1. How big is the gap, in Å, between the Cα center of segment A:75-104 and the Cα center of segment B:46-98?
2. Give me the extension gain from residue A:446 to residue A:546: residue separation times 0.36 nm, minus the current Cα-Cα distance, reported in nm with one decimal.
3. Counting only other chains, and only Cβ atoms inside 10 Å, what mean value do you get across the residues of B:13-21?
4. Limiting things to C-alpha atoms, what are the Rg and the maximum Cα-Cα separation (Dmax) for segment A:457-503, in angstroms?
5. To the nearest whole number, what is the average tally of beta carbon atoms from other chains within 10 Å of the beta carbons of peptide B:53-66?
6. Label points 7 Å out from Cα along the Cβ direction at residue A:179 and residue A:84: separation in nm?
7. Nearest 5 percent is fine: what portion of the DSSP beta bridges confined to chain B is antiparallel?
8. Nearest 10 degrees is fine. How inclined is helix A:386-398 to the longest principal axis of chain A, computing both from alpha carbons?
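Where a number appears in this text, it was derived from the coordinates with a stated rule and is not lab data. It should be emphasised that the depicted structure is a prediction, and the values quoted were computed from it without experimental measurement. Cβ coordinates were reconstructed from backbone atoms using ideal geometry, including for glycine residues, and neighbour counts include every protein chain displayed.
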């Protein structure tokens, strides 16, 4: 281990996150490696190591001869301070070598509040922040993940973005990079060729032209760049033949999701109108249940984990869930391995399943009705009936559960005070359901209602919507709090509005926001998803310093024909479909799920034969 | 009595904390398919216990872990299989049935290395000898129980023997220290040295546990 690092580590909290050397970490012989890749996650080790996507890409790349992918996370403040003082550059965990010497630096972007960490990590690596100030071919800086669906606020810092699932396209651009290096291409030549690979968006090839009112006139394709009019996202068509990380890194220190993660399927059949993941991960592709059972068992054997989670956007929509669970339980129960199912729907089927899983371990019970009245749930296409929810909690309470968490959003399009009060009514009905069914009334019940402030996202039916103002959000919070204050068994939590406002700005932001990011970072912003570091005033100052108005991005309703910063990005769900869904919302009309009837979103065009197997 | 492992913890593994190390062992037994006894109760888990937790950042070649091997595995095959399932830096050296009680583990042999990359000051060696040769060396030790927030401890009775050896840029102190009831962490000796001789404070100090000893100074296993 590097001597400087060894001297620093005794002085920082939780040093094990900075050492590497975990079980299954891949160490290759430098002499046999041609391409070195730093897979960066712009948050702490504990968060980044919990990301399934990164584990997949790590495995995919390290299977490739001549390629060595290492991990890199954002150091916590104490570590950063030591690194800067001792002049230790950001390094790959496996080798300890500075990532500035690597060929490719790839960031995974999961949420907007991590953007300043991208800048901070580039700086800690000793690299110029802006792409234009890094003229050499290497290191080339790439970024992918959910936020890449509107990459514009990060455009000047990143050389190219990768849209959609990375299993195949990552190897394609690594191959191109190898060729570029062998043949001595310039960075510009490499980017021009890379832009020809489906799924790769090179931001420097598109120039935003603004109207006097600050909206976009166009995203102009740079002449001679050869860049495409639109960049289509990538998917793995055959999910049964795509890589699954059976053998994956087992951290030596505790992380957030410290368990086997079994990904049942990609995409979601539901089509909730606020949900970006539900739209951009289409179409649904299921994995074969026998294959899954085999992966799940093998992953338990290799990891020694005592817990497994069946993950997907809506796990209970997996068609063979019962068979899979039985199969897994036969293996897990005798070995004291717990199986958990997040993202449960509140219906009877799910509750029967919960009881089955309880054979091993009893977790918490959480539902997300998202809205308080049936009308609003229909408007957002959250196809959940009140009676289903109540039946589910009755089953749960009768089975001895004594706590339930309910998640809602405030500020959804078309929401009225009646809908807000509906949240309180629903919580009370849940309470009465408990009174009716509990075998143990003396024990009491904990019902937690949590609300967040709705953030409209790109590529959703609500991409044209205004986020309600902060005053209005606060008024609705107060209204609900008032409604619930007499109910002692119901606890009400609401999400801090400050980060939701910034999310609303950056998720639909344009390229001018890059200056805001840089200003905020220069003035100390980093780790903005951590309350220890977050400073709202700093962001307000940053917007002011750059002459931009946050409300313009967050609280402004867009016209149908507005040119969006993400207009060159094509998730293969058409804007016409999204607009139709928006109109359905205003009519409080639901859209059936993909399995019941195809609604013609356009994602089927990504599949050979053009038919989804949802 | 239980079964025991003797293992070393060096290199990158030095920074794994005590709790994380227990979890690492529990998983490693499962990975190596070596069945061990589980705890009873609502959340059964594999039972492991590590004698005399090592401070984070210290290396060791004499750590002891207790557990109960279930049938079908012989002691001889455990070290190799378990080491293969371990993170880098943890090597299982021996596996054997316990024959002595843990409380017979009376002393720990530590090697404390003072680094002076710019050259070691001549006076450091006599200074260390003076410090360790005192009749008594009372220091204040943080304590949550004591009203004052600290207790006073005399280090000298807890030091069974010591030897100082110097080179141009390092000073090595070979210490045999009381292991338990109460034990002495060599960090306190470093702190006392730096307090008494601030001008001679080294750039960096490493700590290594070399051997576990019984009351007579023989190897404990």
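1. 32
2. Extra length from residue A:446 to residue A:546 when fully extended: 31.3 nm.
3. Partner-chain Cβ atoms within 10 Å, mean over residues of B:13-21: 6.
4. According to the Cα coordinates of segment A:457-503, Rg and Dmax are 13.8, 41 Å.
5. 1
6. Each label point is offset 7 Å from its Cα along the Cβ direction, giving 4.2 nm.
7. Percent antiparallel among DSSP bridges in chain B is about 95.
8. 80
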